1. Which count do you get for residues in the stretch 1-14 that are at pLDDT 80 or above and more than 23 Å from the chain's Cα centre (by Cα)?
2. Could you list, ordered by first residue, the pairs with Cβ atoms under 6 Å in which the first is in the stretch 17-36 and surrounded by 15 or more Cβ atoms within 10 Å (Cβ to Cβ) and the second is acidic (Asp, Glu), at least 6 apart or interchain?
3. For the stretch 22-50, which residues satisfy the criterion of being touching a Ser or Thr at 6+ places or on another chain (Cβ under 8 Å) and at pLDDT 85 or above?
4. Report, by residue number, each residue of the stretch 44-63 that is part of a strand (DSSP E or B) and without any contact (Cβ under 8 Å) to a residue 24 or more places away in the chain.
5. Do we have any residue at all in the stretch 19-30 that's over 23 Å from Leu84 (Cβ atoms) and part of a loop (DSSP other than H, G, I, E, B)?
Amino acid sequence: MKLWKEEDSIIETELQGESPIRKLDIWQTAAGFYITLKFSGDPDERFLAVRRKRNGPRIFKDVNRLVDFMGTAMPRVDDVGLHLLPIDERPKVVHLVKKAPKNSGKAAKVSRKPAKKAPAKTVTKAAKTKAVRK
């Protein structure tokens, strides 16, 4: 595992003041994806971090969110590298899909009304007279 140093980190707001990005690498881990950057004129490699925790990389759990972030925060990059884990080390993806009831083609409707309460027990006149006699 790479040793993360706070002085090698960069956060999103600092990206706008830096020189153009020469190389961007996306690394896959079991926890998600992280980004390392090299700026033109800077020989050191930096990693994208979170403001609250600068001694570790910002992890993207979803590739779509990573791509959306790159499109807004880093619109122009000269070189992009993608480093994936070997197939046997990649995390298993489980898709949770709710199935429709078997007897109908439509999903069951959910009522927003509160459940009806059972009617209160009524005491008949005959039951009152039995209780009084005892």
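1. 5
2. Listed pairs, sorted by first residue: Lys23/Asp79; Thr36/Asp25; Thr36/Glu45.
3. Within the stretch 22-50, Arg22, Leu24, Asp25, Trp27, Phe39, Glu45, Arg46, Phe47, Leu48, Ala49 qualify.
4. Correct list: Lys53 only.
5. Within the stretch 19-30, one or more residues are over 23 Å from Leu84 (Cβ atoms) and part of a loop (DSSP other than H, G, I, E, B).
The values are calculated or read from the model by the stated rules, or taken from the named source; none is laboratory data. Fair warning: this is a prediction, and the values are worked out from it, not measured in the lab. Every residue, glycine among them, receives a Cβ derived from its backbone with ideal geometry; neighbour counts consider all protein chains shown.
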